[in-house]
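Peer 1: Take this structure, written in structure tokens, and hold onto it; I'll ask about it next.
The values are calculated or read from the model by the stated rules, or taken from the named source; none is laboratory data. A quick note: this is a predicted structure, and the numbers were derived from the prediction, not measured. Backbone-built Cβ (ideal geometry, glycine too); neighbour counts: all protein chains shown. Remember, those area values only see protein heavy atoms, side chains included, never the ligands or the DNA or RNA. Shrake-Rupley method; radii C 1.70, N 1.55, O 1.52, S 1.80 Å.
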Amino acid sequence: MPEEDKPCPIPDLPRGPLCEYRQRAKFSWKALKQVLEDPNVIRIRYDVWQKLEREPLFAPLTSTLPVDQQKERAAKQVKRIAELKLDPQEIYSMDYKYRVRYLMSINEALHAVCPSMSVKIALGVGLFTNALLAMGSERHSAIYNAAWNREIITCLAITEVSHGSNTKRCRTTATYDPKTQEFIINTPDFEAAKCWVGNLGKTGSMALLFAILHTSDGQNHGLQGFLVPIRDPTTLQPYPGVIVGDIGEKIGLNGIDNGFVMFNNYRIPRENMLNRAGDVTPEGTYESTFTEPGKILGAVLESFSAGRLGIMQESSNTLSHAAVIAVRYAALRKQFGPEKDGPEQSIMEYQLHQWRIFPYLAAACVLKASVFSLTDIYLATVQKSQKDSNGFELLSQIVSELHALVSSSKPLVTWTARDAIQESREACGGHGYLRAANLGELRNNHDPSCTYEGDNNVLGQQASNWLLRQWKAAKVESPVGTANFIERREAILGSNFDAIVRASGGVVESAEFITNCYEWLMCWLLRSTAEQLQHADKDGTDRFKARNDSQVYRARDLSRAYSEYYALECFRKRCLREDVAENLKPVLSNVYLIYGMWCIDRHLATFYAGGFAVGPRFADAIRSALLGACGQLKDSAVAVADAIAPPDWVLNSVIAKSDGRLYENIQNVMMTNPGAMERASWWKDIVPSKMKAKL
């Protein structure tokens, strides 16, 4: 049965203390869930979760395993997932967009349960095969099929010990030997060792390695991809000429066996070079399908956009989990009250607490919509390109804008999730510090998302660079439409707070006001950044230094504002669709206002620096609107949290179970954890000697 024909399997929630707030909501949380998340995606996730809940191997842990056992558990989970066949065979007869969205939804469900296992699959199956499809050819189909069917454990080896973001300076080499028709892989020193390679530490047998290609005529042809066998897949023993190992314990995600590898005159067949962008003939001549070497690298690395989208999907769910925990706990936790000896009130009633956690609840809703929309555009574009005989050429027409969107949105989503986890941990007090609250695990497992698949601060520069090119160009090239506002730059920059308020009918709490503010903010940042670069050029400052010195308060803020603007637009458009019930529109509007005003509040200094407003009226209006919207959300907050919450066993938080029995659940965890009320086995070692003699 097609997914869209199946009933949406959202289970009812148990009755309990949270019902006090749930009953205040004037809408169905299930209906809201199907607006914030696609019903097909919901079906897929719940199907996966129901299957995993029956599997002992996926039961939540109550204590932290030793590192080697974490790796063993994650590896066994990967193997079990293959046996469960979560991806029905019929999806492979569907179009690209449907198929990949289905697989992405499975990955989202897996990541919510076991992040290490999910990342291992995403790296070894998803990213590896995506890269192979983008960069390889028919001659690599056997490896592709083996990786897809989990017959071999694969990995991507890009980062080196001394080079991460600057991949062009990687120093691992692949030198072609025409006599034997082989590439000789060499690592000049430990600084050039490939490292942080997921799946490589203990289990990987095949790597997609990026190395600098040298042909026998001495020419350097830049970074290329090669399939490099690492271990015998039947024994997992490394091949001669390969030095491979595990990098050791990390802050989190220790189920992933991240590894390092060095090569000493290690030979691989000529056919192991990935040859869609270029190839080496048997005689040793390099032939490229691109005339510019820079385009080769762009085509090679573009295949990783899917990986960044996956990180954004996972991070938006992590953000949701943190917000759900904070909101449910705030509804249940009671401290103080208006009367000294009277009843205490929920901490969610306090304005300060609302201001701390409600923006993250709103962010979770808004960013879910924007990530889904961006993924949709990306998948549709790739699908369209595959129907053309020259897929790369068609994809390149809009890839720059998509790359800018991904490069700005990935930092926004991952940083917001990071901050939400920390604020939620503090907002839940001491109980939030319990391992059983799950906020610590969320934090440690999410943290690398801010740096892998593109360091956030570096990645954001690619978005600002694209925007600056549009600003300087005679014609704006924005097929997705995210930069069309630049065409109205003169009118936008000629406006200010008072004019925008008048244009909005005197109403600050509106989508029109927020959109106009953002367009002014981006235009001012673009103009000021461009002028700073122009002045630097006139002063003789080299371009490299000028670009680096224009990041703080300029290009970096521009990238952030651009991603927030896109997120808000995606959410606004989602709320305007016909499937949104009338009784959902007030809470959706409230969520939009909280996120929009919260973001603008963080840019106030820039607005004032650019002369957008003078005096306190603008700041007062934004902050008053934010606090007012938070107050309005209070009675709906638990229902909104329910709409973005996974099942209890997936959320895995003792302080945020849907039954609302906070203290009963905490008591159960505290009194039943292993050894809780037993005398310590080492008690004799700490009793004072004199007291021992008396005993």
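Peer 1: Only one of (1) within 17 Å of Arg333 (Cβ to Cβ); (2) open to solvent by 60 Å² or more (accessible area, probe 1.4 Å) is not met by Glu678, so which one is it?
Peer 2: (1)
Okay, residues lined up against (1) part of a helix (DSSP H, G or I); (2) without any contact (Cβ under 8 Å) to a residue 24 or more places away in the chain:
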| residue | (1), (2) |
| --- | --- |
| Ser63 | no, no |
| Asp68 | yes, yes |
| Arg73 | yes, no |
| Leu86 | no, no |
| Tyr98 | yes, yes |
| Ser105 | yes, no |
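Peer 1: Also, I was wondering about something else. For the stretch 525-542, what are the residues that are within 16 Å of Arg554 (Cα to Cα) and either open to solvent by 60 Å² or more (accessible area, probe 1.4 Å) or at pLDDT 90 or above (or both)?
Peer 2: Once the filter is applied, which keeps residues that are within 16 Å of Arg554 (Cα to Cα) and either open to solvent by 60 Å² or more (accessible area, probe 1.4 Å) or at pLDDT 90 or above (or both), the stretch 525-542 yields Leu525, Leu526, Arg527, Ser528, Thr529, Ala530, Glu531, Gln532, Leu533, Gln534, His535.
Peer 1: Working only within the stretch 274-285, note down all residues that are outside any loop (DSSP other than H, G, I, E, B) and either open to solvent by 20 Å² or more (accessible area, probe 1.4 Å) or under 30 Å from Pro448 (Cβ atoms) (or both).
Peer 2: Within the stretch 274-285, just Asp279 meets the criteria.
Peer 1: Any idea which residue in the stretch 132-185 is least open to solvent (accessible area, probe 1.4 Å), counting only those that are in a loop (DSSP other than H, G, I, E, B) and of a type in the set (Val, Ile, Thr)?
Peer 2: Filtering the stretch 132-185 for residues that are in a loop (DSSP other than H, G, I, E, B) and of a type in the set (Val, Ile, Thr), the one least open to solvent (accessible area, probe 1.4 Å) comes out as Thr172.
Peer 1: Another question, if that's okay. Look through the stretch 186-223, keep the residues that are touching an Asp or Glu at 6+ places or on another chain (Cβ under 8 Å) and open to solvent by 50 Å² or more (accessible area, probe 1.4 Å), and return whichever of them is farthest from Asn149 (Cα to Cα).
Peer 2: Top of the filtered list is Ser216.
Peer 1: From Ser320, Ser370, which residue is within 19 Å of Trp29 (Cβ to Cβ) and either crowded, with 24+ Cβ neighbours inside 10 Å or polar (S, T, N, Q) (or both)?
Peer 2: The conditions single out Ser320.
Peer 1: For the stretch 149-163, does any single residue satisfy the condition of being free of Cβ contacts under 8 Å to residues at least 40 places away in the same chain, of a type outside the set (S, T, N, Q) and more than 29 Å from Glu191 (Cβ to Cβ)?
Peer 2: No, because not a single residue in the stretch 149-163 is free of Cβ contacts under 8 Å to residues at least 40 places away in the same chain, of a type outside the set (S, T, N, Q) and more than 29 Å from Glu191 (Cβ to Cβ).
Peer 1: When only residues in the stretch 57-99 that are among the aromatic types (Phe, Trp, Tyr) and surrounded by 13 or more Cβ atoms within 10 Å (Cβ to Cβ) count, which is nearest to Gly675 (Cα to Cα)?
Peer 2: If we take residues in the stretch 57-99 being among the aromatic types (Phe, Trp, Tyr) and surrounded by 13 or more Cβ atoms within 10 Å (Cβ to Cβ), then Phe58 is nearest to Gly675 (Cα to Cα).
Peer 1: Would you point out the residue of the stretch 453-466, among those that are of a type in the set (A, V, I, L, M, F, W, C) and surrounded by 16 or more Cβ atoms within 10 Å (Cβ to Cβ), that is nearest to Leu309 (Cα to Cα)?
Peer 2: Per the stated criteria, the residue is Leu459.
Peer 1: Looking only at residues that are of a type in the set (S, T, N, Q) and over 22 Å from Phe571 (Cβ atoms) in the stretch 467-496, which one is surrounded by the fewest Cβ atoms within 10 Å (Cβ to Cβ)?
Peer 2: Asn496
Peer 1: Which condition number in (1) touching a helix residue (DSSP H, G or I) at 6+ places or on another chain (Cβ under 6 Å); (2) surrounded by 18 or more Cβ atoms within 10 Å (Cβ to Cβ); (3) at pLDDT 95 or above is the one that Thr129 fails?
Peer 2: That leaves (3) as the condition not met.
Peer 1: Run down Asp642, Asp620, Asp648 and say which single residue is surrounded by fewer than 22 Cβ atoms within 10 Å (Cβ to Cβ) and within 25 Å of Val35 (Cβ to Cβ).
Peer 2: That would be Asp648, the only listed residue that is surrounded by fewer than 22 Cβ atoms within 10 Å (Cβ to Cβ) and within 25 Å of Val35 (Cβ to Cβ).
Peer 1: Is there any pair linking a residue in the stretch 19-38 that is farther than 19 Å from Asp579 by Cβ to one that is crowded, with 19+ Cβ neighbours inside 10 Å and acidic (Asp, Glu), with Cβ under 9 Å and at least six apart or on different chains, and which?
Peer 2: Arg22/Asp642; Ala25/Asp642
Peer 1: Turning to a different aspect of this structure: Quick one: which residue in Cys575, Cys599 is crowded, with 21+ Cβ neighbours inside 10 Å and not small (Gly, Ala, Ser)?
Peer 2: Selected residue: Cys599, the only one of Cys575, Cys599 that is crowded, with 21+ Cβ neighbours inside 10 Å and not small (Gly, Ala, Ser).
Peer 1: Also: Can you tell me which residue is most open to solvent (accessible area, probe 1.4 Å) among those in the stretch 229-258 that are assigned to a strand (DSSP E or B) and farther than 17 Å from Pro188 by Cα?
Peer 2: Pro238
Peer 1: Of the conditions (1) in contact with a helix residue (DSSP H, G or I) (Cβ under 7 Å, 6 or more places away or on another chain); (2) closer than 16 Å to Ser315 by Cβ, Ile347 fails just one. Which one is it?
Peer 2: (2)
Peer 1: So if I check each of Ser141, Ser165, Ser137, Ser105, which one is of a type outside the set (Lys, Arg) and at pLDDT 95 or above?
Peer 2: Answer to the selection: Ser105.
Peer 1: Follow-up question, since we're still on this one. From Gln351, Gln345, which residue is of a type in the set (S, T, N, Q), open to solvent by 10 Å² or more (accessible area, probe 1.4 Å) and within 22 Å of Asp659 (Cβ to Cβ)?
Peer 2: Matching residue, one of Gln351, Gln345: Gln345.
Peer 1: Could you please give the count of residues in the stretch 503-517 that are farther than 20 Å from Leu627 by Cα and in a helix (DSSP H, G or I)?
Peer 2: 2
Peer 1: Can you tell me which residues in the stretch 527-563 are within 30 Å of Val480 (Cα to Cα), of a type in the set (Ser, Thr, Tyr) and assigned to a loop (DSSP other than H, G, I, E, B)?
Peer 2: Scanning the stretch 527-563 gives a single hit, Ser550.
Peer 1: Further question: Could you tell me which residue of the stretch 543-566 is nearest to Val413 (Cα to Cα), considering only residues that are more than 24 Å from the chain's Cα centre (by Cα) and open to solvent by 80 Å² or more (accessible area, probe 1.4 Å)?
Peer 2: Filtering the stretch 543-566 for residues that are more than 24 Å from the chain's Cα centre (by Cα) and open to solvent by 80 Å² or more (accessible area, probe 1.4 Å), the one nearest to Val413 (Cα to Cα) comes out as Tyr553.
Peer 1: I'm trying to understand the selection: among the residues of the stretch 433-452, which are over 17 Å from Ile251 (Cβ atoms) and crowded, with 24+ Cβ neighbours inside 10 Å?
Peer 2: Across the stretch 433-452, the qualifying residue is only Ala437.
Peer 1: Out of Glu349, Glu344, which single residue is over 30 Å from Leu459 (Cβ atoms) and at pLDDT below 95?
Peer 2: Glu344
Peer 1: Could I ask something else about it? Could you please let me know if Ala581 is surrounded by fewer than 16 Cβ atoms within 10 Å (Cβ to Cβ), farther than 24 Å from His353 by Cβ and in contact with a helix residue (DSSP H, G or I) (Cβ under 7 Å, 6 or more places away or on another chain)?
Peer 2: The answer is yes for Ala581.
Peer 1: Does Ala25 satisfy the criteria of being among the aliphatic types (A, V, I, L, M), open to solvent by less than 50 Å² (accessible area, probe 1.4 Å), more than 24 Å from Asn199 (Cβ to Cβ) and not in a helix (DSSP H, G or I)?
Peer 2: Here the answer is yes, as Ala25 does meet what is asked.
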